[in-house]
Structure formats: structure tokens, C-alpha cells
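One structure below.
No value in this document is a laboratory result; all are computed from the given coordinates. In this text, all values refer to a predicted model and were calculated from it rather than measured experimentally. Glycine gets a Cβ as well: all are built from the backbone with ideal geometry, and neighbour counts include every protein chain shown.
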Amino acid sequence: MQRLVAVVGLGYVGLPVAVAFGRKAGPEAPVIGFDIHGARIAELQAGHDRTDEVTAVELAQAQVRYTADVAVLREANFFIVAVPTPVDSANKPDLSPLIAASRTVGQALKRGDIVVYESTVYPGATEEDCVPVLEQVSGLRHGVDFFTGYSPERINPGDREHRFETIQKIVSGCDAATLETVAAVYASVVTAGVHKASSIKVAEAAKVIENTQRDLNIALMNELSVVFARMGIDTAEVIAAASTKWNFLPFRPGLVGGHCIGVDPYYLTYKAEQLGYIPQVILAGRRINDNMGRYVARNTIKRMLQQGLDVPRCRVGVLGMTFKENCPDTRNSKVIDLIRELQDHGTTVVVVDPHADAGEVQHEYGIALARLEDEAPFDALVVAVAHREYRALGVNDLKALVRGDQPVLADVKALYDRQALADAGFHVFRL
């Protein structure tokens, strides 16, 4: 049977998947790209991707039929679901987008169809939470009339080297035959090959531990940064020295946000707690990382006070609002924690970011992005995100953005030479 692919959810994950399959598809059988947001469909039809994950040339080269019409979905028989799986204000999994997508797919299901989930979930979610919805809406029986698989996404926003096609893909299926079909479909576009997991739960678990491991490694470096600061030791210099050992892993401290590393561990801990186990190490790492924005802000305020500044009358410039460098993704950005803490101390905070979408930042965080050239100079400066534009700033460029003989600079990502900053009179804090 020829598999006609439909991708449900065309965000940072779904669009690159749809485009990758669309490059292999012919005009007679294009990939179906489905999203519930009409504005997103319109911009993709016009050849533009606001996430910057796919270029206009790549969009033009792919045979993808973009639609918000569920009726069009019925033409497909291989559905890939790639919708967000965030956490709520209490850090509990929010499966509402996934359940809604399952209802949508359920309306299009036919006998023999396969549904593959790529959204990050806790082990068991595909079979325990999604399959019942598919059965209820479609009236079909799982494992008899339709089949499911799970293939965790590994998209890294803003990364032009590690792409969907060049990252080995984990695949799984509800039975042996489905696994082989899922593997064959993905192998047709993923040049790095596929890894066949023994079960859907194994594939789901593999995804959450990938980011949980990274989260814990960064949490360790963040905690070490706090300890070293009290000792008067520069963490970046310690890491540089330790990195001379062949098996040292040079993770760096920082603000851990985004849709994966700052979220996925909570999916794992939620499931563990349901089973009666309270994960100690994972939750400890999360607490450390979730507090780092406030920690940076408090240390910035401390240095401002040491310089005799009247903090409530000061203006602080924050450079960067996205969760990571060189991409427009502001989801779960921990820079907001830094901003709120500065505001709680009475400062006027001016936020700039050349990559972030001003409308999204205003809607999500209530922050109006400013233009750097219109707002400088500041009483203190926080370089929160390592955008290429900020990496390129020299000491004189930074000095032009602040006032006073000994201005305060929080260099969150340790982008600049500390001695050069000190020689220029900067009072520096960095993780």
C-alpha cells in the first residue's frame, strides 16, 4: 500500500517534517500539511515561514498541500502528529493540544491507516491517552482497523546543521508489521537512518530522558556557578581548565527554557509520581534551573546597589528574549523570570531582541519589545541571549550602551572577555 503522508501541526517540528516528506513527494500525491490556524496556513501558502526553520526556497521545492480543512485529511493514510505538549502553571503536563489533534485525526481515520505521534509525552501517553480518543471519534478499533506508532521529534530550533533528515530517527509501532511500515516511511526521507524501538513506551521514554539528562547536566553547572560565585571563582575559567581532561563534559550554566529541556522532565516526573515514586534528582535539577533567571536578576541588582545606584530610578536594558540564540522561539523563555525580578525591584526594564516576534512577545508575556538604538544608554545591561548580533559587540560597543564610569553588566552566557570588560570599567556578573 502506498502511504500518503499528512502532518498535523505545522510549527517548529511539524513544518520541517512536512517539507522533508514533500521533497520526495510528486505533484500527483503531495504531502498534506494541516494546521488549525488559518493565518499559519496562509503564510505557508504564500511561501513564508515565520519560525525561520524552513527557507522560502525549501518551501517552494516541497510538494505540500497546506490546509485547515479536516476533509482534506481524509485523503491521507499515514498521519504524523506534531503538536505542542507544554506544561501548565503548576508544571503538570498539558495534553489538551494532543487530545484535540487526536480528535481531528479521528475524524479522518479509515481502515488500514497509521497514526504516528512525534509530540513529547510521558511513557504510556500514546496508548493510554491518545488511542481511546482515536477509537471514540472514528468508531474503529485500534490494532484491528487502524494502527499507531511513536517517533519522537528531535528538531533543534535554529540549528541549520542537525536537521530532520540528518538526525537518526527512533521509530516504534503497536505491532511488528506497523513498526516495519513506520520504519520504511521514515527511512525514505531520513538519511541518517532509523532505530527500531521494541515498543511505543520505550520510544516515548527515550525522548524524555534525552532532555532530562541535558537538563540535569546544566543544573549541575548552574549549581556550581552559584557555589563558585561565593568563592570568588569565575565558572567559565573553571570549565575551560576542566575541559583539558579528555572525558570531561563541558556543559555550561545558563537559563534553561524552551519547549523541550525545560518541559520534558516534568512529563517524566508526573508519570513517576502517578506510580507512587517521587523523583529526587530530576526535580532538584528542575528547581535549580527554574530559579536561575531570578538569580541573575538579584545579582545584577546587588551590583547596582554596590555601585551606589538608586535602583528604582534606574533603567536596565535586557538584550534577548528568545529561549535560545539565533532563533525567534520565545516559548517558555526563562528571560521573563529575570525581567519580572528586575521589575519587582522597581527598575524600568527595556527589552530588545532582533529575532523575536514582537506580537508574540506582547501576547505571551505582555512585554513590548524596543529598538536598542532608541533606548540606550542604560544604567545596567543584561545580555541574556547569545544572539550573533550580541556576540559581535565589542567592549566599546557595550560601553556606548551604558552610562557611568563603572557600569554594571550581567553577561549571562559569558560572551565577552572578562578582563577587557574590567579594564573598561565594567562591574561584571556572569554565570
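Going by the alpha-carbon gyration tensor, a ≥ b ≥ c the square roots of its eigenvalues, is segment 222-346 rounded (a/c under 1.5) or, if a/c is not under 1.5, prolate (a/b greater than b/c) versus oblate? Here segment 222-346 falls in the oblate category. Sparsely packed loop sites in segment 19-91 (the GluC sites (Glu not before Pro) outside DSSP H, G, I, E and B with at most 15 other Cβ atoms within 10 Å) comprise Glu28, Glu75. Looking at the chain, the pairs of alpha carbons with a distance over 30 Å make up 48% of the total. Rounded, prolate or oblate for segment 162-214? Axes are the square roots of the Cα gyration tensor eigenvalues, ordered a ≥ b ≥ c, and the cut-off for rounded is a/c under 1.5. Because a/c hits 1.5 or more and a/b fails to exceed b/c, segment 162-214 counts as oblate.
Partner lysines whose Cα lies under 25 Å from the Cα of Lys413, excluding those fewer than 8 positions away in the same chain, are identified as Lys245, Lys302, Lys324, Lys334, Lys399. Ellipticity at 222 nm from helices only: DSSP H runs of n ≥ 4 in the chain, each -39500 (n - 2.57), divided by the residue count, give -12000 deg cm²/dmol.
When +1 charges are put on Lys and Arg Cβ atoms and -1 charges on Asp and Glu Cβ atoms, the dipole computed for segment 130-226 relative to its Cα centre reaches about 100 debye. Sorting the segments 307-314, 223-230 by their mean number of nearby beta carbons within 10 angstrom, highest to lowest, gives 223-230, 307-314. In whole Å, how far is the Cα centre of segment 90-142 from that of segment 276-326? Using only Cα atoms, the two centres lie 37 Å from each other. Note on the chain: dipole from Cβ charges, positive end direction compared against Ile80, Thr148, Ala42; the farthest Cα belongs to Thr148.
Comparing Glu325, Glu161, Glu210 in a Gaussian network model of the chain where C-alpha atoms under 10 Å apart are linked, the largest mean-square fluctuation is found at Glu161. Of interest is the spacing of the C-alpha centroids, which for segment 337-372 and segment 200-238 amounts to 26 Å. Judged by the gyration tensor of its Cα atoms, with axes a ≥ b ≥ c, segment 62-158 is oblate; a/c meets the 1.5 cut and b/c is at least as large as a/b.
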